[in-house]
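Engineer: Input: one structure, supplied below.
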Amino acid sequence: MLTTKPCHCKEVLKLVLSPLTQHCLVIGETTCAFYYLLEAAAASLDLSDNYMAFLYLRKASSLLGQPSAFSFYKKHKVKICQFEEATFCCLRSEVCFNMGQITLAKKLARQALRLLKRNFPWTWFGVIFQTFLEKCWRSCSLSQPPDNPSENKKKLAVLQQQVQCLSLLWQLYNLEATASSRRFARLATLMQENSAKESASEAQVVSTYVALSQFSQNMGDKEKWLHCEQMAIQKNSLCWFSREGLLATAQLMQALAYTKLCLGHLDSSIRLGFQAREICRHLKKPALENLVLSVLFRSAFLKKKFDLCVHVLESQWALISEGHDVLGLACFYSACLDLLLYGKGWLCRPFGECLHFIQHYEHSCILNSQSNVMLGVHSSLAMWFAQDSQWKLFEHHYSKAHQLVKRTNASLFGSHGFVRFLECHVLMLQKMPEGVFAHTASETPRQTLKYFKEFFSRCVTCPVYHQWVSELKASVMRYGKRESMSLTNVIRPFDTCLTRIWIEGEFLEENNSFEGNLQRFVRVADVKENKDEEEIQECIC
């Protein structure tokens, strides 16, 4: 698979598209200049350079007679076709999404879909009606025999753009943990699936099923999650070994690594993660590679392979440090905080650097829209300040985490953040009788148990954390019965899911085979652990 030619998008952008854009602007060919600006913006987004994409789109917007990149005027200076205008709106939507401008990104994605003859509803009644149409009328149209591909290039381009817009929409609505947003997100995934099938592109279908599996996992729908992943595996075997097919394969392998992590097969997750990363490096896909590295870190962390954690974080830093990826940096520093708290002396970045980044960017639109990531960040900061008995700072970050917990979902980051929050909550319950909290209301074990109930009902698709949360819950229940509780290590209770909990002189010992305890959540373990260890070492070398 890796014998295909590597990506040269960066060189094409620098040596071809940018000079062509400047040339067309100088000679007054504004229509051609607009086209090349769209190509340059798309290439920048493909290279995860959101800032340059914004600059290209701002130039394109000025050619259309708009005073800024995100205002709307129906009369354009440059004559462009409807498809180019839809592409323009779609690219702006993606840029706004990356900048945390969620409302504007939704508006632009809807506008692009309207230009592509694919309307997206605004009301709950419209969602119900459109869902009915997608399940009935669209399924009938999909059963019709496809046209000659040579005569259908424009239709294929429209369908691919529809898939992109609908993918953006469900990701945008997935950021909000409300019933209304879930309905809109589910409809967007259904419409995306139908458009991908209609395009008859196997790589597009695989990518769509991977996205649907991710969405289903976030929503806690285990059956749909595993079904979509299985469909992606079946369809992937039909992909040609093209660049598009190779990218779909990398996305699938990343999704499989993610699944293995959520289900507790940590060695399998690490092995798949390294394989996915190899393809991402070959294709020069930094955004996907960064996502793979995040999964790799979490698997290595839960496996207590802290040397591998440092190796992964160093690779991640080399990937994101030169760009303007605030969200990527937030995930990186969140991982660094985990290593500082529970890594038994291993260090990647000092605490002061982590804290400085969070204080500088926590009010940005980008991080404000990422509740799952920020829940883990604030909970980890609270645990750090508890370590130094700085209870005012503990309260400050705990209160922020408390506000975020209702806005998260069952994703890996959301579940991880919820676990960190529960640790803080149990610690607070223990310290409450000592009167160290000045601004936090008193909590009872009964109130605390409600959070555990919410965790198990929400995070069904992330059983890798269930054992530790069950032990935390047991400690709270024992405390509620006997009115006394203490932990062996107050500031470090998690210790990568394998700690001892002291409850009135009794130990709940860790199970030496943590993954074995998860078999009731898992259907099949595909890879033997002893072989995985050797393969992981080969991947690192």
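Engineer: Report, by residue number, each residue of the range 185-202 that is part of a helix (DSSP H, G or I) and open to solvent by 30 Å² or more (accessible area, probe 1.4 Å).
Structural biologist: Within the range 185-202, 186, 190, 193, 197, 198, 202 meet the criteria.
Engineer: If residue 357 meets every condition in (1) buried (at least 24 other Cβ atoms within 10 Å of the Cβ); (2) out of contact with any Ser or Thr (no Cβ under 6 Å at 6 or more places or on another chain) apart from one, which number is that one?
Structural biologist: Of the numbered conditions (1) buried (at least 24 other Cβ atoms within 10 Å of the Cβ); (2) out of contact with any Ser or Thr (no Cβ under 6 Å at 6 or more places or on another chain), the odd one out for residue 357 is (1).
Engineer: I've got another one for you. Looking at the structure I just gave you, is residue 205 modelled with pLDDT of 90 or more and crowded, with 22+ Cβ neighbours inside 10 Å?
Structural biologist: No, not satisfied.
Engineer: If you don't mind, there's one more thing I want to ask. Is there a residue in the range 164-171 that is modelled with pLDDT of 80 or more and either over 18 Å from residue 209 (Cα atoms) or in contact with a Pro (Cβ under 7 Å, 6 or more places away or on another chain) (or both)?
Structural biologist: Looking through the range 164-171, none of the residues is modelled with pLDDT of 80 or more and either over 18 Å from residue 209 (Cα atoms) or in contact with a Pro (Cβ under 7 Å, 6 or more places away or on another chain) (or both).
Engineer: Restricting to the range 108-120, give me the number of residues that are touching a residue at least 12 places away in the same chain (Cβ under 8 Å) and assigned to a helix (DSSP H, G or I). Steps first, please.
Structural biologist: Start the filter on the range 108-120 by keeping residues that are touching a residue at least 12 places away in the same chain (Cβ under 8 Å), which leaves 108-113, 115-118, 120.
Restricting the remaining residues to those that are assigned to a helix (DSSP H, G or I) gives 108-113, 115.
Residues that pass the stated criteria total 7.
Engineer: Could I ask something else about it? Quick check: anything in the range 392-399 of a type in the set (Gly, Ala, Ser), in contact (Cβ under 8 Å) with a residue 12 or more places away in the chain, in a helix (DSSP H, G or I) and open to solvent by less than 40 Å² (accessible area, probe 1.4 Å)?
Structural biologist: Among the residues of the range 392-399, not one is of a type in the set (Gly, Ala, Ser), in contact (Cβ under 8 Å) with a residue 12 or more places away in the chain, in a helix (DSSP H, G or I) and open to solvent by less than 40 Å² (accessible area, probe 1.4 Å), which makes the answer no.
Engineer: How many residues are at pLDDT 85 or above, closer than 22 Å to residue 83 by Cβ and open to solvent by less than 40 Å² (accessible area, probe 1.4 Å) if we restrict to the range 110-157?
Structural biologist: 9
Engineer: Provide a single number: the residues in the range 7-29 that are crowded, with 20+ Cβ neighbours inside 10 Å and of a type in the set (S, T, N, Q).
Structural biologist: Counting residues in the range 7-29 that are crowded, with 20+ Cβ neighbours inside 10 Å and of a type in the set (S, T, N, Q) gives 1.
Engineer: Considering only the range 208-235, state which residues are among the aliphatic types (A, V, I, L, M) and open to solvent by less than 50 Å² (accessible area, probe 1.4 Å).
Structural biologist: Answer for the range 208-235, where residues must be among the aliphatic types (A, V, I, L, M) and open to solvent by less than 50 Å² (accessible area, probe 1.4 Å): 210, 211, 212, 219, 226, 231, 232.
Engineer: Here is a follow-up. Can you pull out every residue in the range 236-250 that is open to solvent by 60 Å² or more (accessible area, probe 1.4 Å) and part of a helix (DSSP H, G or I)?
Structural biologist: Scanning the range 236-250 gives 243, 244.
Engineer: While we're here: Taking the range 342-354 as the region of interest, how many residues are hydrophobic (A, V, I, L, M, F, W, C), at pLDDT 90 or above and surrounded by fewer than 20 Cβ atoms within 10 Å (Cβ to Cβ)?
Structural biologist: Here is the first cut: in the range 342-354, the ones hydrophobic (A, V, I, L, M, F, W, C) are 346-348, 351, 354.
Narrowing further to those that are at pLDDT 90 or above: 351, 354.
Then keep just the ones that are surrounded by fewer than 20 Cβ atoms within 10 Å (Cβ to Cβ); that gives 351.
The number of residues fulfilling the criteria is 1.
Engineer: While we're looking at this one, here's another question. Yes or no: residue 458 at pLDDT 75 or above, of a type in the set (Lys, Arg), open to solvent by less than 10 Å² (accessible area, probe 1.4 Å) and within 30 Å of residue 305 (Cβ to Cβ)?
Structural biologist: Here the answer is no, as residue 458 does not meet what is asked.
Engineer: On to the next question. Output the number of residues of the range 375-389 satisfying the condition of being open to solvent by 40 Å² or more (accessible area, probe 1.4 Å) and either modelled with pLDDT under 90 or among the aliphatic types (A, V, I, L, M) (or both).
Structural biologist: 3
Rundown of residues vs (1) out of contact with any helix residue (DSSP H, G or I) (no Cβ under 7 Å at 6 or more places or on another chain); (2) touching a residue at least 40 places away in the same chain (Cβ under 8 Å); (3) under 25 Å from residue 225 (Cα atoms); (4) not aromatic (Phe, Trp, Tyr), yes/no style:
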residue: 248; (1), (2), (3), (4): no, yes, yes, yes
residue: 255; (1), (2), (3), (4): no, yes, yes, yes
residue: 260; (1), (2), (3), (4): no, no, yes, yes
residue: 275; (1), (2), (3), (4): no, yes, yes, yes
residue: 286; (1), (2), (3), (4): no, yes, no, yes
residue: 299; (1), (2), (3), (4): no, yes, yes, yes
residue: 309; (1), (2), (3), (4): no, no, no, yes
residue: 314; (1), (2), (3), (4): yes, no, no, yes
residue: 319; (1), (2), (3), (4): no, no, no, yes
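The values are calculated or read from the model by the stated rules, or taken from the named source; none is laboratory data. Note that this is a predicted model, so its numbers are computed, not measured. Don't worry about glycine lacking a Cβ; one is built from the backbone with ideal geometry, like all the others, and counts go over all protein chains shown. Only protein heavy atoms, including side chains, enter the accessible area calculation; ligands, DNA and RNA are left aside. Shrake-Rupley method; radii C 1.70, N 1.55, O 1.52, S 1.80 Å.
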